[in-house]
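*Asks:* Here you go, one structure.
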Amino acid sequence: QVQLVESGGGLVQAGGSLRLSCAASGRTVRIYAMGWFRQGPGKEREFVAAINWSGGDTYYSNYVKGRFTISRVNGKNTVFLQMNSLKPEDTAVYYCAADPRYSDYQRNDYNYWGQGTQVTVSS
């Protein structure tokens, strides 16, 4: 079993930055690809970014590409999401996920999920 705990969310003005962290514990997570998803008010959960087990490959949705950066420190079982140039439409609950069931990391189908952290961007 794997436990994921997100932190770093909060309220920020448009154009600002936040850095989300996801701390993993339990089984060895360094062998898993991990991802970030988000769910805005009245919307379905959507893919944000993903990173393979080594950190050598990263994937981004078109909505965040060029503004967000995903990274991981395997020795600390932690994944980060650096979010820059935030927009009001980035407002959502952000979820960390580990161990995708499919090779398409953008699919909303991972074995482990965190509880989420709220990000609110004011205009």
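*Asks:* Assigning unit charges at the beta carbon (Lys, Arg +1; Asp, Glu -1) and nothing else, what dipole magnitude in debye, to the nearest 20, does the chain show about its Cα centre? Please list the in-between numbers first.
*Replies:* Details: 13 positive and 9 negative charges, 45 e Å.
The calculated dipole for the chain is roughly 220 debye.
*Asks:* A further question follows. At a Förster distance of 25 Å, what's the computed FRET efficiency of Arg67 paired with Arg107, Cβ-Cβ distance as r, to 0.05?
*Replies:* 0.65
*Asks:* Select from Phe80, Cys96, Tyr60 the residue farthest towards the positive end of the dipole of the range 15-123; place +1 on Cβ of Lys and Arg, -1 on Cβ of Asp and Glu, and compute about the Cα centre.
*Replies:* Sorting the options by dipole projection puts first Phe80.
*Asks:* First compute the accessible area of the chain with a 1.4 Å probe, then give the percent of it belonging to carbon and sulfur atoms.
*Replies:* Accessible surface attributable to carbon and sulfur in the chain totals 44 percent.
*Asks:* Order Lys87, Lys65, Lys76, most accessible first, counting only protein heavy atoms with a 1.4 angstrom probe. Show your work: numbers first, answer last.
*Replies:* Working: Lys87 80, Lys65 120, Lys76 155 Å².
Heavy-atom accessible area, descending, gives Lys76, Lys65, Lys87.
*Asks:* Now a separate question. Which residue, chosen from Gln39, Gly16, Val5, occupies the Cα position most advanced towards the positive end of the dipole of the range 1-50, where the dipole is computed from +1 (Lys, Arg) and -1 (Asp, Glu) charges on Cβ about the Cα centre?
*Replies:* Val5
The values are calculated or read from the model by the stated rules, or taken from the named source; none is laboratory data. Quick caveat, the model's predicted, so the values are computed rather than measured. A quick note on method: Cβ atoms are made from the backbone with ideal geometry, for glycine too, and the neighbour counts reach across all protein chains shown. The area values use the complete protein model at the heavy-atom level, side chains included, leaving out ligands, DNA and RNA. Shrake-Rupley method; radii C 1.70, N 1.55, O 1.52, S 1.80 Å.
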